[in-house]
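**Q** This is the structure I want to talk about, given as structure tokens.
The values are calculated or read from the model by the stated rules, or taken from the named source; none is laboratory data. Just so it is clear, the model here is predicted, and its values are computed rather than measured. Methodologically, a virtual Cβ is constructed for each residue, glycine included, from the backbone with ideal geometry; neighbour enumeration extends over all protein chains shown. Only protein heavy atoms, including side chains, enter the accessible area calculation; ligands, DNA and RNA are left aside. Shrake-Rupley method; radii C 1.70, N 1.55, O 1.52, S 1.80 Å.
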Amino acid sequence: MAKKRDVLITEVALRDGSHAIAHQYTVDQVAKITKALDEANVPYIEVAHGDGLAGSSLQYGLSRTNEIELIEAAVSVCKQSKIAVLLLPGIGTMKDLKHAAELGAKMARVATHVTEADVSAQHIGLAKELGMETVGFLMMAHMAPVEKLVEQAKLMESYGADVVYVVDSAGALLPHEVRDRIRALKQHVGVEIGFHGHNNLSLAMANSLVAIEEGAIRIDGSVRCLGAGAGNTQTEVLVAVLDRLGKETGIDLYKMMDLAEEIVAPMLPAPQEITRDSLVLGYAGVYSSFLLHTKRIAQKLGIDSRDILVELGKRKVVGGQEDMIVDVATEIAKKREKSPVS
């Protein structure tokens, strides 16, 4: 009999990590990584465009490979792991979710901005009808007070979500802020609680551990830290730390180490690290997937990407407002042109 897992880890490198490689995953890469994760006994593996089902677009970034092919490839090599998909209402549709379920996806993670849970009702409801394990994903959790987060989590619970996640999309939350949020959800929500962190302030691991201390049992990790911005909580490190703490994950640590070193690392265009750009994401509180888009337009216009990100933070932009990157960058460039040379 398999051991009971104290913490259920969802591996997100094949979705969140897509941001880091400009959505260039191939079928072979996804199949190879998924097979290794399955052999390491990772319970859930998320596969999709970085912005979820149907995310491939000029606005969010075009995928090299149709995500349906990637999901199909991932399902085909799994013997024990369950494939999860992310859906952002307004990007992904009910039809996309049905198709993913038909291909064999077993978990639907329905993601909204932290104050907009009401748009998730029909998608969470459909996922339940399809027999999928269903997660409510409250993104940019740093942008709402604790009371608002609880209110929105309750909505997702009422729609049928099996799990509700606090999602630190910008890597902006500090440990005490994670503690307050998870503690409040444990007190007021009846379903399981999860946490998804980003490492822009070098706090993803610390925040994940604080979340677990407060009762979260669903934690997202990304092998080799492969994710948007400075990446996510590094899965193989998280498994090692939890083992030291006596927390059972059921995941084979050595196999995760080998996967990270021998399969994932060679795929990376550059090591995942906290650069000045990813650091400013956490500092400004901007959605981590904005980074690559911002760097491209900054280089094109000859301006500092940090100025763009800080201004986006001041304007409190959220996922789905990627068009604002160009607007803000253009405004900054025009101001520079008008400013007298000192």
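**Q** Applying the selection to region 193-207, what residues are open to solvent by less than 20 Å² (accessible area, probe 1.4 Å), assigned to a helix (DSSP H, G or I) and of a type in the set (A, V, I, L, M)?
**A** A204
**Q** With respect to T10, is the statement that it is outside any loop (DSSP other than H, G, I, E, B), of a type in the set (S, T, N, Q), in contact with a helix residue (DSSP H, G or I) (Cβ under 7 Å, 6 or more places away or on another chain) and under 24 Å from M256 (Cβ atoms) true?
**A** The answer is no for T10.
**Q** Considering only region 234-342, give the helices (runs of 4 or more DSSP H) lying wholly within it that have at least 2 residues that are touching a Lys or Arg at 6+ places or on another chain (Cβ under 7 Å). Reasoning before the result, please.
**A** Details: elements: 235-244, 253-258, 276-284, 290-301, 305-314, 323-338.
Per the criteria, 276-284, 305-314.
**Q** Give the residue that is farthest from G250 (Cα to Cα), with candidates limited to residues of region 66-103 that are open to solvent by less than 20 Å² (accessible area, probe 1.4 Å) and in a loop (DSSP other than H, G, I, E, B).
**A** Of the residues in region 66-103, the ones open to solvent by less than 20 Å² (accessible area, probe 1.4 Å) are 70-71, 73-74, 81, 83-88, 92, 97, 100.
Within this subset, residues satisfying the condition of being in a loop (DSSP other than H, G, I, E, B) are 81, 88.
Details: S81: 12, L88: 30 Å.
If we take residues in region 66-103 being open to solvent by less than 20 Å² (accessible area, probe 1.4 Å) and in a loop (DSSP other than H, G, I, E, B), then L88 is farthest from G250 (Cα to Cα).
Listed here are the residues, each with its yes/no results for (1) closer than 21 Å to G17 by Cβ; (2) in contact (Cβ under 8 Å) with a residue 24 or more places away in the chain.
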{"site": "L253", "(1), (2)": "yes, no"}
{"site": "P266", "(1), (2)": "yes, no"}
{"site": "Q272", "(1), (2)": "yes, yes"}
{"site": "H293", "(1), (2)": "yes, yes"}
{"site": "A298", "(1), (2)": "no, yes"}
{"site": "I303", "(1), (2)": "no, yes"}
{"site": "V318", "(1), (2)": "no, yes"}
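**Q** While we're looking at this one, here's another question. Please indicate, with yes or no, whether at least one residue in region 134-146 is surrounded by fewer than 17 Cβ atoms within 10 Å (Cβ to Cβ), in contact (Cβ under 8 Å) with a residue 24 or more places away in the chain and either of a type in the set (S, T, Y) or not in a helix (DSSP H, G or I) (or both). So that I can check it myself, show each step before the final result.
**A** Our first condition is that a residue be surrounded by fewer than 17 Cβ atoms within 10 Å (Cβ to Cβ); within region 134-146, this holds for 145-146.
Still in the list and also in contact (Cβ under 8 Å) with a residue 24 or more places away in the chain: 146.
Then drop every residue that is not either of a type in the set (S, T, Y) or not in a helix (DSSP H, G or I) (or both), which leaves none.
Scanning region 134-146, I find no residue that is surrounded by fewer than 17 Cβ atoms within 10 Å (Cβ to Cβ), in contact (Cβ under 8 Å) with a residue 24 or more places away in the chain and either of a type in the set (S, T, Y) or not in a helix (DSSP H, G or I) (or both), so the answer is no.
**Q** Out of all the residues in region 13-44, which are of a type in the set (V, I, T) and either over 16 Å from Q234 (Cβ atoms) or assigned to a helix (DSSP H, G or I) (or both)?
**A** Those that are of a type in the set (V, I, T) and either over 16 Å from Q234 (Cβ atoms) or assigned to a helix (DSSP H, G or I) (or both): I21, T26, V27, V30, I33, T34.
**Q** Considering only region 109-124, state which residues are within 17 Å of L53 (Cα to Cα), out of contact with any His (no Cβ under 8 Å at 6 or more places or on another chain) and open to solvent by less than 20 Å² (accessible area, probe 1.4 Å).
**A** The answer is R109, A111, T112, S120, H123, I124.
**Q** On to the next question. What about Y159, is it open to solvent by 20 Å² or more (accessible area, probe 1.4 Å) and aromatic (F, W, Y)?
**A** yes
**Q** In addition: Which of the residues spanning region 250-274 are loosely packed, with under 14 Cβ neighbours inside 10 Å and not aromatic (F, W, Y)?
**A** E261, E262, P266, P269, A270, P271, E273 - these are the residues of region 250-274 that are loosely packed, with under 14 Cβ neighbours inside 10 Å and not aromatic (F, W, Y).
**Q** Further question: Can you pull out the residues in region 1-35 that are free of Cβ contacts under 8 Å to residues at least 60 places away in the same chain, touching a strand residue (DSSP E or B) at 6+ places or on another chain (Cβ under 8 Å) and not hydroxyl-bearing (S, T, Y)?
**A** H23
**Q** Out of V223, V210, report the one residue that is among the hydrophobic types (A, V, I, L, M, F, W, C), under 20 Å from H49 (Cα atoms) and surrounded by 24 or more Cβ atoms within 10 Å (Cβ to Cβ).
**A** V223
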